[in-house]
Amino acid sequence: MHSALLRHTIAGFFSSLLGFWLPDIVWHAIRGSQFGGRDADGITALLPLSFFGACILVHRFQGSYVWAAYDGSVMALLIATVVALIISIARVTRQSGEDR
């Protein structure tokens, strides 16, 4: 029983590391002091996709990846991310229209 829990914990750690933190760190390292609003918009789109991809990868290697904890927390995170992305796109579109 404990080994299954340990495997799930380790799988969750590595999917979080590979899917969320690693792309964010690499993006910030590449952009450095030139990091700006468009980079934040890009990360907003990239991180949920890369995290989802990492979860799928872990699932394939492990066989039965347990999605986030309880009571729909993954779905709430996905909804919040999509809403933030829509707001970000709307803001950029509005700013582009004002610059013309």
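All of the numbers you see were taken from the coordinates with simple rules; none came from a lab. Bear in mind that the values here come from a model prediction, so they are computed numbers and not experimental data. When we count neighbours, we look across all protein chains shown, and the Cβ atoms used for this are built from the backbone with ideal geometry, even at glycine.
Take the Cβ atoms of residue 10 and residue 45, set R0 to 22 Å, and the FRET efficiency comes out at 0.20.
A straight chain from residue 91 to residue 2 at 0.36 nm per residue would run longer than the Cα-Cα distance by 27.2 nm.
Just to be sure I understand the model, the point goes 7 Å from the Cα along the line to the Cβ. What's the resulting residue 24 to residue 84 distance in nm? It is 0.8 nm.
Can you give the FRET efficiency for residue 57 and residue 34, using 1/(1 + (r/R0)^6), R0 = 41 Å, r = Cβ-Cβ distance, to the nearest 0.05? That pair, residue 57 with residue 34, gives E of 0.85.
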